[in-house]
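K.L.:
Okay, handing you the structure first.
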Amino acid sequence: MKKILAAMACTLSLATGAHAAWPDKPVTIVVPFPAGGSTDMVARAMALHMGQALGQSFIVDNKPGATGTIGAGFVKRAAPDGYTLLVSSLGAFVVTPHLVKSVPYDANKDFDYISVPVQAPNVLVASPRQKERTVAEVLALLKAQPGKVSFASSGNGSSDHLSAEVFWQQTGTEGLHVPYKGGAPAVNDLLGGQVEFSFQNVNAVLPHIKAGKLHAIAVTGDKRSPVLPDVPTLAEAGVKGAEVYSWQGLAAPKGLPPAVKDKLAAAAMAAMHDPAVKKRMQEQGLEIVASTPADFTAFQAKEWTRWKTLIDTRKITAD
């Protein structure tokens with residue numbers, strides 16, 4: 001028995017030592033979207049800072065497809081050792097599982113949630129051809145032409161689509177949803193006047209707003225955006241209960257050793273509070289969150305329920 005206990009103690013000591021040494025080889029951060037987007041940008045900023053802080057390479061691997069579920073499924077199947085991580089927007093964590101029947105993971109059981117690095121409100125923008133400049137004027141148009149006023153989005157179930165659905169729900173109006181395959185083509189058609197309005201991520205359209213090519217009407221946050229201080233929130237404009245944030249999250253396969261989880265979370269939060277990283281994010285309209293694992297876990301559960309309820313109520317589909 002003494003020999004067995006001694007062997008167990010030795011094994012535990014070795015395991016603890018191995019976890020304490022993490023990372024002792026390169027870490028892969030899977031981004032389930034193409035390079036160049038907001039999620040990719042956030043992941044690369046985190047990877048650079050975390051790699052420097054922890055003395056090991058953090059490599060971003062883009063695995064796009066199926067609205068983020070291919071990359072998320074890949075991470076779910078990886079070993080829970082801290083060497084394969086996931087940085088995704090909210091879709092893979094709390095939206096797509098309600099829209100797609102065959103998602104290759106269970107978002108509530110298959111991941112350890114580490115941190116939400118950033119969030120950003122969406123902004124209701126109008127095509128340059130539109131004369132509407134206030135929420136009241138947009139609502140008047142929607143009521144005059146129910147179901148005919150077009151709202152572009154980057155795809156079914158995207159935060160910009162969900163923002164429009166919440167807006168219509170809370171105002172008792174109905175617009176015409178026009179989904180695109182990504183934010184760039186949606187914004188291009190908005191700029192060209194092929195569609196009339198859109199709820200876009202602030203960071204995606206900020207340059208166009210500053211250049212006067214799009215008209216900002218209201219933001220979906222619970223407070224005004226620091227990069228658009230003159231643009232009211234929807235609540236200020238009289239539309240209550242329509243707060244929506246787009247956010248990114250850092251997760252790992254379920255079962256991460258506690259020591260690795262703590263070290264990873266600390267590094268992720270420190271990365272977002274680095275002055276240079278923080279400045280870069282805020283200049284683009286992103287708000288620093290840098291939440292703890294416990295906070296992210298509770299937030300994911302809350303967001304899961306919120307979007308499931310909306311999707312069911314509004315009968316939103318992936319088609």
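K.L.:
Before we move on, is A271 among the aliphatic types (A, V, I, L, M), modelled with pLDDT under 95, crowded, with 20+ Cβ neighbours inside 10 Å and within 25 Å of F33 (Cβ to Cβ)?
P.N.:
no
Results for (1) under 28 Å from V166 (Cα atoms); (2) of a type in the set (F, W, Y); (3) in contact with a Gly (Cβ under 7 Å, 6 or more places away or on another chain), shown as yes or no for each residue.
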| position | (1), (2), (3) |
| --- | --- |
| T69 | yes, no, no |
| D81 | no, no, no |
| V95 | yes, no, yes |
| V100 | yes, no, no |
| N108 | yes, no, no |
| V116 | yes, no, yes |
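K.L.:
Within segment 70-87, work out how many residues are open to solvent by less than 40 Å² (accessible area, probe 1.4 Å) and either modelled with pLDDT under 95 or over 16 Å from the mean Cα position of the chain (by Cα) (or both). Write out each step before concluding.
P.N.:
Initial filter on segment 70-87 (open to solvent by less than 40 Å² (accessible area, probe 1.4 Å)): 71-73, 75, 78, 82-87.
So of that shortlist, the ones also either modelled with pLDDT under 95 or over 16 Å from the mean Cα position of the chain (by Cα) (or both) come out as 73, 75, 78, 82-84.
So the answer is 6.
K.L.:
Further, regarding this structure: Could you say which residue among A152, A184, A136 is among the small types (G, A, S) and closer than 19 Å to G285 by Cα?
P.N.:
A184
K.L.:
Scan segment 301-319 and report the pairs whose first residue is more than 11 Å from T96 (Cβ to Cβ) and whose second residue is outside any helix (DSSP H, G or I) and open to solvent by 50 Å² or more (accessible area, probe 1.4 Å), with Cβ atoms within less than 8 Å and a gap of 6+ or a chain change.
P.N.:
Within 8 Å, the pairs are A301/N108; W304/N108.
K.L.:
Quick check on my filter: what residues within segment 36-69 are open to solvent by less than 60 Å² (accessible area, probe 1.4 Å) and part of a strand (DSSP E or B)?
P.N.:
F58, V60, D61, N62
K.L.:
With the checklist (1) under 15 Å from V166 (Cβ atoms); (2) in a loop (DSSP other than H, G, I, E, B) in hand, flag the one item E303 doesn't pass.
P.N.:
The one condition E303 does not meet is (2).
K.L.:
If I ask for residues that are crowded, with 21+ Cβ neighbours inside 10 Å, in a helix (DSSP H, G or I) and among the hydrophobic types (A, V, I, L, M, F, W, C), which ones from segment 177-213 would you list?
P.N.:
A186, V187, L190, V202, A204, V205, L206
K.L.:
Give the residue that is farthest from V123 (Cα to Cα), with candidates limited to residues of segment 225-240 that are in contact with an Asp or Glu (Cβ under 9 Å, 6 or more places away or on another chain) and crowded, with 19+ Cβ neighbours inside 10 Å.
P.N.:
Taking the candidates together, the pick is V227.
The values are calculated or read from the model by the stated rules, or taken from the named source; none is laboratory data. Please read these numbers as outputs of a predicted model, since none were measured by experiment. For neighbour counting, all protein chains shown are included, and Cβ atoms are generated from backbone atoms with ideal geometry for every residue, glycine included. Ligands, DNA and RNA are excluded from the accessible area calculation, which covers all protein heavy atoms including side chains. Shrake-Rupley method; radii C 1.70, N 1.55, O 1.52, S 1.80 Å.
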